[in-house]
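The next block holds one structure in the form of structure tokens; read it before the comments.
The values are calculated or read from the model by the stated rules, or taken from the named source; none is laboratory data. Note that this is a predicted model, so its numbers are computed, not measured. Quick reminder, even Gly has a Cβ in these numbers, built from the backbone with ideal geometry, and neighbours come from all protein chains shown. These accessible areas exclude ligands, DNA and RNA; they are computed on the full protein's heavy atoms, side chains included. Shrake-Rupley method; radii C 1.70, N 1.55, O 1.52, S 1.80 Å.
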Amino acid sequence: MDAVVASDLRKAFGEFTAVGGVSFKVEFGTAFALIGPNGAGKTTTLRMVSGLIRPTSGSIMVLGGDPSVGSIRSKMSILPEDAGVYEKLTVYEAIYYYGLLRGLSRSEAELRTEHLIKVLGLDDKHDEYGSKLSKGLKRKTLLGMCLVNDPQLLVLDEPTDGLDVRSAKNVRDMLGKLVDEGKAIIVTSHNMSEIRSVADTIAIMDKGRIVVQGEAEKLLAEYGSDNLEDLFLTLTTSEVE
Amino acid sequence: MGWGVIFIKDLKELVRNRKALALVTVMPLLLFSALGVLSNYSLTKTPTVITFVDKDTGYGSANYGQQLFNNIEAYGQSIDLVVVNESSFQVAKQMVADGQAVMAIFVPENFSYTLNQTFGVANLTLFTSPGSTKAQVVNQIVDSALSDISTQVTYARLHRVYGANASKVLNPVTVYVEEYQVKTPFNTTVSTPYAGILPALIVLVSVETNVGLIIDSLVGEKERRTLEMLLVTPISRWGIIIGKTLAVLVISLVSAIAILVGIILEVGLTFSGLAQSITPTAIQIKPLQAAALIAILTATVVVTQLITAALSAYATNTKEANASIGLVMSLPVLSMYPLLFSSLFSLPHLVQAVMYLLPFTYSYLLLNMALIGPASLFDVVYVFALAGYTLLLLYITVKLYGREAVIVGTTRKIHLRKPKTR
Ligand SMILES: Nc1ncnc2c1ncn2[C@@H]1O[C@H](COP(=O)(O)OP(=O)(O)O)[C@@H](O)[C@H]1O
Ligand SMILES: [Mg+2]
């Protein structure tokens with residue numbers, strides 16, 4: 001069974017078509033990267049995947065069901081674009097409550113939270129309020145909130161955006177580990193070179209459509225490393241025209 | 001239980017928000033006690049004055065003029081009445097004409113002498129303008145003071161003429177009173193000018209102080225970009241809205257108690273001074289009454305929160321929410337305004353009809369019952385009306401938060417430039 005099956009997803013806001021028919025599959029133990037410039041329709045696509053908005057047409061199947069159903073949702077996690085942390089909750093509390101919200105028992109949530117705080121290197125920030133954290137630590141906390149339920153599917157919208165080089169690499173390494181554990185991951189980026197190291201499959205998106213899609217290695221072999229970058233630039237349009 | 005987690009999480013956040021907490025507790029406390037101090041202050045600034053001209057020379061050991069003066073002073077204590085001795089009735093009358101005194105009283109030289117004659121009728125002259133409330137109050141005080149003296153004189157005369165026990169002559173029937181209480185369920189007596197406006201005032205304060213909290217709780221999640229993640233958890237919209245409303249409600253309960261304490265403080269300071277009747281009255285808030293007050297306030301606050309929550313579904317940041325909600329919330333505030341001056345039932349029919357459409361009117365009516373009474377079957381209807389509004393608003397809020405615009409509405413603000421439509 002595939003973790004995600006999207007077929008001909010389309011989303012229109014009034015007259016404007018934000019996503020004009022995209023199809024892809026994500027298997028367990030792989031990472032799928034949606035790459036494209038700002039305004040390409042990545043976030044809108046992910047929102048359809050997470051069941052936050054309904055496609056105008058097309059269908060989406062997540063973990064074998066409808067992503068707006070509670071039982072499916074408790075097995076997946078979303079890190080939305082520009083997500084913020086709770087300013088008045090500590091790192092521990094934020095992760096713990098998201099465990100409870102996704103249906104863990106108190107003791108399960110406690111164990112998972114303590115475990116994740118160690119894994120994410122947040123030990124010394126255990127009782128720090130969200131408002132006091134640096135950008136990188138906030139993102140780590142958010143990842144903790146996403147991982148607390150040990151999700152089978154992780155959907156991340158620009159998880160490295162705005163992070164310094166070291167923090168961004170931390171996040172990418174984290175994702176690599178999760179894939180090795182057999183999770184399915186969807187990740188977006190507007191930066192090609194940044195994300196291709198973690199992605200098994202890449203889809204380049206522009207103006208609501210996927211223009212190129214394929215296994216990362218095959219694409220690399222076909223176009224070459226530098227050329228892939230060029231390909232991205234020629235295939236996609238600049239945000240500010 | 002999803003809503004339980006939201007409830008605990010939000011409560012924790014709220015309790016750590018010191019500024020908001022201070023606002024909902026200190027504000028009503030300050031407001032109501034300031035009101036008390038203020039009205040007390042204005043009362044001492046303009047005391048009720050009467051001028052008293054006593055020409056009575058007395059008769060034997062009796063001096064009824066002096067006794068009248070003493071009686072008036074004693075009865076007048078409840079309204080801080082000042083009785084000024086004047087030697088000239090002309091001057092005393094001028095003071096009334098100038099508005100410095102409410103009444104001038106003239107006791108003639110032969111007052112005590114005449115009263116001591118068995119069939120003598122003594123004269124007493126009052127100079128006053130009967131229109132004002134103050135004058136009416138003073139009139140009652142003088143009446144009581146005088147009737148004490150009349151009784152005393154009558155007893156003496158009856159005894160002198162018939163050697164009779166006056167009390168048996170004057171009261172041939174003994175009346176036993178068995179009291180049947182048809183007042184408020186709390187059996188309170190309130191007879192002050194403030195009592196009437198108190199319910200409306202309480203509604204206003206509780207509404208105003210609690211709007212900010214729910215905005216911060218709901219729109220704050222949008223603004224700080226935590227809402228989207230929350231909406232993707234398995235918790236339903238009902239769970240989120242109910243959990244959040246209940247968390248704010250706990251804080252609102254604290255606020256309701258602050259309001260109650262504020263009222264008691266105010267009552268202590270002013271209600272004894274501002275007596276409309278002769279006997280000093282104060283609201284004695286009994287435990288059951290306090291519980292009813294808090295319950296009504298709480299229900300009012302919930303309705304307020306839900307209206308705010310429903311409206312905030314359209315706002316992308318707290319500033320926007322505060323601006324638009326401030327505007328809409330001023331409607332119920334404006335609707336309470338006429339009630340500060342007139343009772344609901346004496347308003348024009350059309351205005352009454354509009355008032356009955358607003359949930360706050362039912363809070364007002366119930367508070368009125370709890371504070372002043374009397375209780376009636378209608379109060380049950382009011383309770384149901386308030387509960388109905390709560391459920392309706394809850395439903396509307398949940399539906400509004402189920403719209404996609406709650407999520408995608410924020411996107412437009414992020415992408416400042418929208419690509420051209422193809
Ligand atoms: N609610 C909305 N109404 C109108 N247009 C929208 C709305 N949400 C997104 N869009 C538009 O849809 C396009 C795709 O947006 P988005 O999915 O956020 O792109 P990306 O995440 O790739 O940057 C953008 O042009 C954006 O302006
Ligand atoms: Mg985006």
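Is there a residue in the range A:12-25 that is assigned to a loop (DSSP other than H, G, I, E, B), touching a strand residue (DSSP E or B) at 6+ places or on another chain (Cβ under 6 Å) and more than 28 Å from A:Gly162 (Cα to Cα)? So far as the range A:12-25 goes, no, none of its residues is assigned to a loop (DSSP other than H, G, I, E, B), touching a strand residue (DSSP E or B) at 6+ places or on another chain (Cβ under 6 Å) and more than 28 Å from A:Gly162 (Cα to Cα). Selection of the range A:1-11 for residues being assigned to a loop (DSSP other than H, G, I, E, B) and touching a strand residue (DSSP E or B) at 6+ places or on another chain (Cβ under 9 Å) yields A:Asp2, A:Ala3. Counting only residues that are surrounded by 24 or more Cβ atoms within 10 Å (Cβ to Cβ) and either hydrophobic (A, V, I, L, M, F, W, C) or touching an Asp or Glu at 6+ places or on another chain (Cβ under 9 Å) (or both), how many does the range B:293-302 have? The total comes to 4. Scanning the range A:87-96 for residues being open to solvent by less than 10 Å² (accessible area, probe 1.4 Å) and within 8 Å of chain B (Cβ to nearest Cβ) gives a total of 1. The set of residues from the range A:64-78 being touching a residue at least 40 places away in the same chain (Cβ under 8 Å), hydrophobic (A, V, I, L, M, F, W, C) and more than 7 Å from every other protein chain (Cβ to nearest Cβ) comprises just one member, A:Met76.
Would you confirm whether or not the range A:113-124 contains a residue that is within 13 Å of chain B (Cβ to nearest Cβ) and free of Cβ contacts under 8 Å to residues at least 12 places away in the same chain? No, the conditions are met nowhere in the range A:113-124.
Residue selection: A:Met76 fails the criterion of being under 19 Å from the mean Cα position of the chain (by Cα), within 16 Å of ligand 1 (Cβ to nearest atom) and open to solvent by less than 10 Å² (accessible area, probe 1.4 Å). Checking A:Val19, A:Val26 one by one, the residue that is away from chain B (no Cβ under 11 Å), crowded, with 24+ Cβ neighbours inside 10 Å and of a type in the set (Val, Ile, Thr) is A:Val19 and no other.
Check A:Ala31, A:Ala83 and return the single one that is surrounded by 20 or more Cβ atoms within 10 Å (Cβ to Cβ), touching a residue at least 40 places away in the same chain (Cβ under 8 Å), more than 16 Å from ligand 2 (Cβ to nearest atom) and small (Gly, Ala, Ser). Result of the check over A:Ala31, A:Ala83: A:Ala31. Consider the range B:367-415 and keep the residues that are within 10 Å of chain A (Cβ to nearest Cβ) and at pLDDT below 80. The one that is farthest from B:Ile214 (Cα to Cα) is B:His415. Check A:Ser189 against each of (1) away from chain B (no Cβ under 14 Å); (2) of a type in the set (Gly, Ala, Ser); (3) more than 16 Å from ligand 1 (Cβ to nearest atom) and name the one condition it does not meet. Here A:Ser189 clears every test but (3).
Checking every residue in the range A:43-61 against the condition of being more than 9 Å from chain B (Cβ to nearest Cβ), under 24 Å from A:Lys138 (Cβ atoms) and crowded, with 20+ Cβ neighbours inside 10 Å gives at least one match.
Checked against (1) within 19 Å of the chain's Cα centre (by Cα); (2) away from ligand 2 (no atom under 13 Å from the Cβ); (3) surrounded by 23 or more Cβ atoms within 10 Å (Cβ to Cβ), A:Gly36 meets all criteria but (2). Among the residues here, A:Gly84 does not qualify as farther than 22 Å from A:Leu120 by Cα and within 9 Å of chain B (Cβ to nearest Cβ).
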